[in-house]
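A short write-up of the structure that comes next.
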Amino acid sequence: MAQDSACTVITLSPHNELPRSQHHQLLFSHVSPSDLQTSSPPPFVSRIFTMSHKTQEPVITKTSDLSLQDAKWITLKKIEYVDQVGKERTWEVATRKTRGKSGVDAVAMGNILLHPSKPASTLLVIQYRPPLDAYTIEWPAGLIDAEETAEEAAVREFKEETGYDCRVLSVSPAQAADPGMTNANMQLAMVEVQLSENEEEPEQRLDDGEHIQREIIPLAELYERLVEYSKRERTVVAAKLFHFAAGMHFAQTQKYY
């Protein structure tokens with residue numbers, strides 16, 4: 001967390017309502033999957049509220065049309081094509097202007113944190129996304145610079161957003177991000193972080209305008225935690241992260257491996 005941040009531990013009933021300004025700041029302590037699945041209210045839990053430099057909730061003040069010549073990052077194109085039965089068709093597509101030599105726009109970092117005496121965990125980031133006017137729960141991710149490889153971008157972005165050094169274990173082929181609307185693509189880098197017994201949370205290296213909250217979740221609880229996140233006001237779980245967690249949960253509960 002930031003160097004000047006402070007933490008306060010507060011014990012609350014799970015039914016207590018929180019001010020909207022604090023919803024995205026919740027850091028849950030351990031809650032077992034059985035607690036989440038029971039029909040009766042879960043026990044009282046400790047929650048840590050991390051106070052950042054934020055002075056207010058983000059507010060959208062205006063939404064307007066953007067001309068193509070004024071767009072810095074994205075442009076809109078019309079594709080004319082002939083389909084599988086010979087019929088002429090058109091398609092509107094949003095494209096990024098920043099794609100570099102690698103031919104891939106971005107990289108996301110699926111990550112495993114290994115601690116000497118704690119279960120394997122994963123680090124999530126919480127940040128406000130103006131297109132949704134909501135806070136998203138995601139794995140760290142970022143654009144690949146013009147001269148970078150996906151591996152290089154993964155190490156750099158992970159350090160900037162989380163403060164941790166990581167080791168890249170594998171990198172996926174290019175993947176479609178939202179193929180019905182855009183040609184934007186990405187790669188998934190699986191990375192590993194080795195923690196020491198008394199590891200302190202490192203300082204982030206955020207760019208101007210970035211306000212990123214970190215949360216470490218036991219990997220075995222990831223699916224249940226994301227389901228709980230989805231119930232919060234003004235909070236959306238990123239599809240790619242949820243798909244990973246849901247696939248892992250489904251395979252485990254259905255005993256396919």
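The values are calculated or read from the model by the stated rules, or taken from the named source; none is laboratory data. What you see is a predicted model, and the numbers here were worked out from it, not measured in a lab. Positions of Cβ are generated from backbone atoms using ideal geometry, with glycine treated the same way; all protein chains shown enter the neighbour counts.
General observations
- Filter result for Thr122 (in contact with a Lys or Arg (Cβ under 8 Å, 6 or more places away or on another chain), surrounded by 12 or more Cβ atoms within 10 Å (Cβ to Cβ) and assigned to a strand (DSSP E or B)): no
- Count of segment 105-119 residues which are closer than 14 Å to Ala189 by Cα and surrounded by fewer than 22 Cβ atoms within 10 Å (Cβ to Cβ): 4
- Pairing each residue of segment 60-83 that is part of a loop (DSSP other than H, G, I, E, B) with any residue that is modelled with pLDDT of 90 or more and surrounded by 10 or more Cβ atoms within 10 Å (Cβ to Cβ), provided the two are 6+ apart or on different chains, yields C-beta distances under 8 Å for Ile60/Asp133; Trp73/Arg96.
- Screening Gly180 against (1) surrounded by 12 or more Cβ atoms within 10 Å (Cβ to Cβ); (2) over 22 Å from His249 (Cα atoms) leaves a single unmet condition, (1).
Yes or no, residue by residue, for (1) farther than 12 Å from Ile137 by Cα; (2) surrounded by fewer than 17 Cβ atoms within 10 Å (Cβ to Cβ); (3) of a type outside the set (S, T, N, Q):
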{"site": "Glu197", "(1), (2), (3)": "yes, yes, yes"}
{"site": "Gln213", "(1), (2), (3)": "no, no, no"}
{"site": "Ala220", "(1), (2), (3)": "yes, yes, yes"}
{"site": "Arg232", "(1), (2), (3)": "no, no, yes"}
{"site": "Ala238", "(1), (2), (3)": "no, no, yes"}
{"site": "His243", "(1), (2), (3)": "yes, yes, yes"}
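- Residues in segment 50-87 that are at pLDDT 90 or above, among the charged types (D, E, K, R) and surrounded by 10 or more Cβ atoms within 10 Å (Cβ to Cβ): Glu57, Lys77.
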